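The values are calculated or read from the model by the stated rules, or taken from the named source; none is laboratory data. Quantities reported herein were computed from a predicted structural model and do not represent experimental measurements. Every residue, glycine among them, receives a Cβ derived from its backbone with ideal geometry; neighbour counts consider all protein chains shown. When the accessible area is computed, the model is the full protein with side chains, heavy atoms only, and any ligands, DNA or RNA have been set aside. Shrake-Rupley method; radii C 1.70, N 1.55, O 1.52, S 1.80 Å.
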Amino acid sequence: GQDITAINDSQAELSRLANDLQLVIEAANAPIFGIDTNGFVNEWNRKAAAITGFSREEVMGKDLVRRFITPEYQDSVGEVLHKALQGEETANFEFPLYTKDGERVEVLLNATTRRSATGAIVGVVDVGQDISARKNAETRVSMLAADLRLLIDSANAPIIGIDAFGCVNEWNNKAAEITGYAKDEVVGCYLVRDFIIDEYKTAVNGVLHKALEGSETDNFEFPFVTKSGERVEILLNATTRRDTTGKVFGVVGVGQDITELKRGQAELTRVANDLQLLIETANAPIFGINAEGRVNEWNR
């Protein structure tokens, strides 16, 4: 005879480990599925069933790629699984699964080679993560960013932005129209140093520096010299730009071209001065009263 106690104990331990592993796979809060060397499903845990709507009984023995992957992703998913069957594993591979109800589920997958006790490749096990919510959020953020970009570019007001170093990183179509400088001519250049006239450099730099420290400024006026050398008067709001953590990373300014308004004000001032001069030098007595009958004009 032969004492096979140790063999039996080893087999019992292996059996226990196998059962524990199966329990972990079944109870995992992540979709886990596997295929054999022919690409047929031989592993499908509860989470995979919950996410896809397909029960274990419905998928076992079925061709994973042809049956459950959409045509446009069959080649790429098939390539990942084929590599894993050759011993080349893949981490963080994204692809869509369609549920039994036809809904799209985004899955982030690690494809791991499965080997026998002798080291022979017997299949692939895939541990995934349902990233549908994340992908949907990313899509919404992308759409919002696209809408914001469209709003900035099409706004009927000059919009100018700088980074934390004072270099231009935002320059919309209206800013280009008013100044004559295209976006690609100004992005990366220093706004104050390269585009603000000398006597206003200190004042504009002070406003931008305050905004970079979180102190915003409304209705700040300054002149801008265009590419053709003309002077343009700008009324600007300097607003602090922050990332999702609240860290300041730049300033955005939404402006208004008030050149014509300033010219109109200057013309009104000139006319008023001319009128006052005319009254004072007239060769006739001129006097006036206000609404209460009090004298408010009395010439020489």
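Counting other Cβ atoms within 10 Å, keep those with at most 14, restrict to DSSP loop, and tell me which trypsin sites (Lys or Arg not before Pro) in segment 89-172 are left. Those satisfying the criteria are Lys100.
With 22 Å as the limit on Cα-Cα distance, the pairs of Lys100/Lys135; Lys227/Lys262; Lys62/Lys83; Lys62/Lys100; Lys210/Lys247; Lys183/Lys247 that go past it are Lys183/Lys247. Of Thr37, Thr90, Thr244, the residue with the largest accessible area leads and the full order is Thr244, Thr37, Thr90 (1.4 Å probe). Modelled label positions at Ile289 and Glu89, each set 7 Å beyond Cα in the direction of Cβ, lie 10.1 nm from each other. Applying 1/(1 + (r/R0)^6) with R0 = 51 Å to the Cβ-Cβ distance of Asn273 and Ser215 gives a FRET efficiency near 0.85.
Using bins of 5 Å that start at zero, the share of Cα-Cα pairs per bin across segment 27-104 amounts to 3, 15, 25, 29, 21, 6, 1, in whole %.
So what is the relative contact order of the chain, in percent, for Cα pairs below 8 Å that sit 6 or more residues apart?
Value for the chain: 10 percent.
Counting only DSSP H runs of at least 4 residues, each contributing -39500 (n - 2.57), and dividing by the residue count of the chain, the helix-based mean residue ellipticity at 222 nm comes to -13500 deg cm²/dmol.
The charge dipole of segment 136-255, taken about its Cα centre with unit charges on the Cβ atoms of Lys, Arg (+1), Asp and Glu (-1) only, comes to about 200 debye.
Using a cutoff of 8 angstrom between alpha carbon atoms and counting only pairs six or more residues apart, the relative contact order for segment 193-300 works out to 16 percent. In percent, rounded to a whole number, the relative contact order of segment 124-210 is 18, using alpha-carbon pairs under 8 Å and six or more apart.
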